[in-house]
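What follows is a short report on a single structure.
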Amino acid sequence: MRVAAGRPRLRRRLVVPGVLLMALTGACSSFAADDRPVSPSASAPVVRTDREPIARRFPALGDFRQVHWLGGVVGGAPSARDTVPGPSTYWIHAVVVPDEAGYRRIVTRFTWNEAPRPEVDEPLAAKVDLSGEWATGPDYWTHLAPGPGYTGTVHLNRTHRYLYLTVTID
């Protein structure tokens, strides 16, 4: 009788861990498959054309005719700011086409030094003509940066009359 009563206990001792092992193995394999959808920004950043975020962050740009830009959180996906606690550092890369008066002001008021063509992010490069004469303007960047926490460079394409900004914001 005791042997018969011991068998169900033995089965329970083997079945319960076996079921747990299968459940854990199945759960782990679903994570390993990584079939989560990839956000479009992780594979192909979306070029933005809304003016307000750039005009608000860089009021010294003045009026501009057109802007194409990318932005995000340094070291993370654009949604990382929603999941990672603490301060974040943001980046912005922008092609800005000043209006005619703004362009004249930029080239006459500030010193520009001849420079090689910058490495322009592919999605932005598709929006502009990268040929022509390039220059950098450190004193224009000093004028443009709205305050501490903004670091970056500004390149001027003299041939096609636009600016390329690379900025980080702490």
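For segment 145-165, indicate whether the set of residues that are farther than 19 Å from D63 by Cα, more than 22 Å from the chain's Cα centre (by Cα) and crowded, with 18+ Cβ neighbours inside 10 Å is non-empty. Checked against the condition, which is being farther than 19 Å from D63 by Cα, more than 22 Å from the chain's Cα centre (by Cα) and crowded, with 18+ Cβ neighbours inside 10 Å, segment 145-165 yields no hits at all. Is it true that V96 is modelled with pLDDT of 95 or more and either among the basic types (K, R) or out of contact with any Pro (no Cβ under 9 Å at 6 or more places or on another chain) (or both)? In short, yes. Looking only at residues in segment 109-123 that are farther than 17 Å from G152 by Cβ and within 14 Å of the chain's Cα centre (by Cα), the one that is surrounded by the fewest Cβ atoms within 10 Å (Cβ to Cβ) is E122. Taking segment 65-88 as the range and being of a type outside the set (S, T, Y), at pLDDT 65 or above and within 14 Å of the chain's Cα centre (by Cα) as the test, the residues that pass are H68, W69, L70, G71, G72, V73, V74, G75, G76.
May I ask you to list the residues in segment 127-152 that are part of a loop (DSSP other than H, G, I, E, B), farther than 28 Å from P87 by Cβ and modelled with pLDDT under 95? Of everything in segment 127-152, those that are part of a loop (DSSP other than H, G, I, E, B), farther than 28 Å from P87 by Cβ and modelled with pLDDT under 95 turn out to be K127, V128, G137.
For segment 128-144, the set of residues classified as surrounded by fewer than 18 Cβ atoms within 10 Å (Cβ to Cβ) and either in contact (Cβ under 8 Å) with a residue 60 or more places away in the chain or not assigned by TED's automatic domain parsing to the domain that holds L156 (or both) consists of V128, H143, listed by residue number.
The values are calculated or read from the model by the stated rules, or taken from the named source; none is laboratory data. Just so it is clear, the model here is predicted, and its values are computed rather than measured. A quick note on method: Cβ atoms are made from the backbone with ideal geometry, for glycine too, and the neighbour counts reach across all protein chains shown.
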